[in-house]
Amino acid sequence: MWFLTGTGTGVGKTYAACLILRALRRAGLTAAGFKPICCGDRDDAELLHAAGDPSIPLDQVNPVWFRTPAAPYTAALVENRLPDLDLIRETFRTLRTRCDSVLVEGAGGWLVPITRELSFADLAAEFGLPVAVVVPNQLGAINHTLLTVESIRSRNLQCAGLVLNLPPDAPDDVASRTNRAILEDLTGLPILLEIGPHQREVELALA
């Protein structure tokens, strides 16, 4: 369905992905989250696993796990082992054949390095999925979103739109009230979802 990236780390990618997966499953689709690489704890992968089709094992939701809480390239250097890129690619192909919809979640932001030569942007291009950008609806969203969208488009990839996520602790200010209209105007992209604090369900236009 989408390759879900974010304007940075901690912007709500997993939260949004789980809402989307549950909506797909309510619509009767076989849907799975795919977190190619986890670094630090495995909480994100476990949440995706719980939200997706129960027949998909955790090790397929997340095939590569580094214990070091850092970017994958950094974690690989610290742990002195390379990420198994062949396993990531093979697992993605397997999920595509088993599921109606696979939602891929990157780690951190768009250009986070996996190896010295490969970033999550490169992986998104390889997978060939439209890219959706998760944006925290707060001050700073405009600059970070424009930079991310510009980079996606510079690679001739399809940017499907934005997922605007209002963090629970975000103030009700001018930025949070106007970001949606400004981002739609400046990027020309649709807001695919607008998520409020503690939201439990979303509706998707699946037609």
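Each reported figure results from applying straightforward, stated rules to the coordinates on display, with no laboratory input. These numbers come from a predicted model, not from an experiment. Every residue, glycine among them, receives a Cβ derived from its backbone with ideal geometry; neighbour counts consider all protein chains shown.
At-a-glance table
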read-out	value
Total residues in the range 16-32, condition surrounded by 20 or more Cβ atoms within 10 Å (Cβ to Cβ) and either among the polar types (S, T, N, Q) or more than 10 Å from residue 51 (Cβ to Cβ) (or both)	1
Residue check for residue 89: under 24 Å from residue 22 (Cβ atoms), among the basic types (Lys, Arg) and surrounded by fewer than 18 Cβ atoms within 10 Å (Cβ to Cβ)	no
Matching residues, the range 105-132, being aliphatic (A, V, I, L, M), farther than 18 Å from residue 61 by Cα and in contact with a Leu (Cβ under 8 Å, 6 or more places away or on another chain)	118, 121, 125, 131, 132
Residue in the range 86-93 that is polar (S, T, N, Q) and either under 12 Å from the mean Cα position of the chain (by Cα) or under 18 Å from residue 1 (Cα atoms) (or both) present	yes
The one condition in (1) surrounded by fewer than 18 Cβ atoms within 10 Å (Cβ to Cβ); (2) in a strand (DSSP E or B) that residue 167 fails to fulfil	(2)
Neighbours by Cβ (under 9 Å, 6+ apart or cross-chain): first from the range 136-163, free of Cβ contacts under 8 Å to residues at least 40 places away in the same chain and under 25 Å from residue 177 (Cβ atoms); second among the β-branched types (Val, Ile, Thr) and loosely packed, with under 14 Cβ neighbours inside 10 Å	139/174
Within the range 133-143, considering residues that are of a type outside the set (A, V, I, L, M, F, W, C) and farther than 23 Å from residue 20 by Cα, the one surrounded by the most Cβ atoms within 10 Å (Cβ to Cβ)	140
Pair list, Cβ < 7 Å and 6+ apart or interchain, from the range 76-102 residues that are in contact (Cβ under 8 Å) with a residue 12 or more places away in the chain and over 15 Å from residue 120 (Cα atoms) to residues that are basic (Lys, Arg) and part of a helix (DSSP H, G or I)	102/96
Count of the range 109-122 residues which are touching a residue at least 24 places away in the same chain (Cβ under 8 Å) and either assigned to a strand (DSSP E or B) or surrounded by fewer than 21 Cβ atoms within 10 Å (Cβ to Cβ) (or both)	5
Test for residue 95: is it in contact with a strand residue (DSSP E or B) (Cβ under 9 Å, 6 or more places away or on another chain), under 11 Å from residue 37 (Cβ atoms) and in a helix (DSSP H, G or I)	no
Hits in the range 59-71 - residues which are part of a helix (DSSP H, G or I) and over 17 Å from the mean Cα position of the chain (by Cα)	59
Test: residue 185 is out of contact with any His (no Cβ under 9 Å at 6 or more places or on another chain), part of a loop (DSSP other than H, G, I, E, B) and exposed (fewer than 15 other Cβ atoms within 10 Å of the Cβ)	no
Selection count where residues are touching a Gly at 6+ places or on another chain (Cβ under 6 Å) and surrounded by 15 or more Cβ atoms within 10 Å (Cβ to Cβ), scope the range 42-78	3
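To keep it simple, each residue is scored yes or no on (1) in a helix (DSSP H, G or I); (2) of a type in the set (Ser, Thr, Tyr); (3) over 25 Å from residue 148 (Cβ atoms).
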| site | (1), (2), (3) |
| --- | --- |
| 8 | no, no, no |
| 18 | yes, no, no |
| 24 | yes, no, no |
| 38 | no, no, no |
| 44 | yes, no, no |
| 48 | yes, no, no |
| 55 | no, yes, yes |
